[in-house]
Structure formats: C-alpha cells, structure tokens
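What follows is a single structure, written as structure tokens, with notes after it.
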Amino acid sequence: MADKGPWRVGVVGYGRLGQSLVSRLLAQGPELGLELVFVWNRDPGRMAGSVPPSLQLQKLAALGERHPDLVVEVAHPKIIHESGAQILRHANLLVGSPSALSDQTTERQLLEASQHWNHAVFVARGALWGTEDITRLDAAGDLRSLRVTMATHPDGFRLEGPLAAAHSTGPRTVLYEGPVRGLCPFAPRNSNTMAAAALAAPSLGFDGVTAVLVADLSLTDMHVVDVELSGHPGPTGRSFAVHTHRENPAEPGAVTGSATVTAFWRSLLACCQLPSRPGIHLC
C-alpha cells in the first residue's frame, strides 16, 4: 500500500472489534502491504493465547519504539482523551471512538498535534450510512437538518452518568433526544455513529446534529440506525429530504454490530491509501 514498504499498524484495544482487526491483519496483512507491529489492551490478560507475545505492547507510552505508521484505536474514548495527541507524535491515528471528539478540548489537542507532527487523524464512519452524500450536501451549503436515531435492546447499551439510571418505560423508550454533544459523554460507546454524522456535517457539528437513543425490547439481535436529513427549501418551497433505515445484525448484548466490524476494516484499508495530511478526515 506504500512504496516505502509495508504500512506498520498498531492496534489499541482488544475487544470484539480489536480481535477481528488483529485476526485480519495477521491473516491478510502481508498480501495487502500491512504489517501488525503491536497490540495493546488495558487488560493484557485478554491477549494471552491469541496475540503472539512479541506483538503484545505492555505500555501504551512505549508505542513509538515499534515505529508505527498508523495506530488504530478501538478501545474507549478515554484513550483518545488521554493519549490521542501523544499517539500523533509517532503516527497517523484512526479513531474508532469519535464520540471523544465531542469534547472541544480533545478535538483542539488532536488538531494541534496533527499540525505539529504532520500526521493525520482519520475517523472511521462505522455504522453511518451515506457519509459521502452528507458531506457533499453540507459542503454545498444545502444541508438544513440532520437527525440520527440509534435503537437497540437495552442490553446493548453501556451508559454512564444520568443515562445509566434511565429505565425503559415500555416496549420502546426514547432515552435521549437532543444535540450529539450532549449524548456523547453519557453514551461514549453507543454514540459513535452520531459523532461520525456530526463530523460529516461540520456546518451543523456536534451542537446542530440531533441524536436520538432508543431502547427497544424487540431488537434482541440487531442495531437499527435511521438517518434523516433535509435541505433548504427551493424555489417551489419544497425541500430535498432523505431517510435511510439500516438494520445491523448483532449478537445479544453486543455494542458493535457485525456489519460495523466489516465497515471498520474497510476504513482501515482506506486510510492506508490516503495521503498523510494534517487534520480530521472521515474514512
């Protein structure tokens, strides 16, 4: 994928998504021009027996010793808050937890580090359908509103703060409806699709894109994402509008759906082909 030789890739996080990426990198990486150079997990014990000891990174701060070209974060927004800027000192960064960017201080630190070290911040689109179309409409100045609804069984949520105490009041309960920025701190692992939408539509951003989080007792084996957007009224008074409905199979209680795993792998491959230019880029 690069004339200089294989792209050296490090993976931060070894949950379901991290395990899938590591498996693919080990099996397919060499033929694709990718070399896995480290895997880090907050609990090193999870890597035992499945990640070769030589690839296990014991301290995240030591990642520079592996000389990565790309570090893939699939752990938790805290990693981006605490270590994102430091990672950019050594490599391009693929963010799997874009909800971290709802924090304005974190976003500013990443942009400053990206510019200083001349490394790119890539953001995986995850479960967001129609990313390029949203971005094009926004860039043309024709996007008026964007609303993303994420629905799944309550067991699929990992909620914090006041949302952690929220209870379903019936078969289908709206747990949150409002700006994406207000949701991300309390649903850091369940708001990444909404965060990707905010980044795809910078004219609206985290404060202008509406997020809706729904607990649906009937959705035991899938995540459902509805994206609704509208443009500004035209000469006839009518507005352009799109509504997509995405059903993503998921194991009971899983945070990440099966199609999202595949989409993330495609994002990883894509950002290894893109130029390493400073800034935040969806892929």
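The values are calculated or read from the model by the stated rules, or taken from the named source; none is laboratory data. The structure displayed is predicted, hence computed values, not measured ones. All Cβ positions, glycine included, derive from the backbone under ideal geometry; neighbour counts span all protein chains shown. Each accessible area value is taken on the protein alone, full model and side chains, heavy atoms only, with ligands, DNA and RNA left out. Shrake-Rupley method; radii C 1.70, N 1.55, O 1.52, S 1.80 Å.
Before moving on, here are some points about what is shown:
- Value at 222 nm in deg cm²/dmol, rounded to 500, when DSSP H runs of n ≥ 4 in the chain each add -39,500 (n - 2.57): -9000 deg cm²/dmol
- For the chain, the solvent-accessible area with a 1.4 angstrom probe is 45 square angstrom per residue.
- Tail weight of P(r) past 32 Å, computed on alpha-carbon pairs of the chain, percent: 24 percent
- What a 1.4 Å probe finds exposed on the chain is 51% carbon and sulfur by accessible area, rounded to a whole percent.
- Cβ-Cβ FRET estimate between T135 and A48, R0 fixed at 41 Å, reported to 0.05: 0.50
- The slack between R89 and Q115, meaning 0.36 nm per residue of separation minus the straight C-alpha distance, is 8.4 nm.
- Angstrom value of the Kirkwood radius, inverse mean 1/r, which spans all Cα pairs in the range 131-255: 15.0 Å
- Distance between the range 1-71 and the range 231-247 - C-alpha centres, whole angstrom: 43 Å
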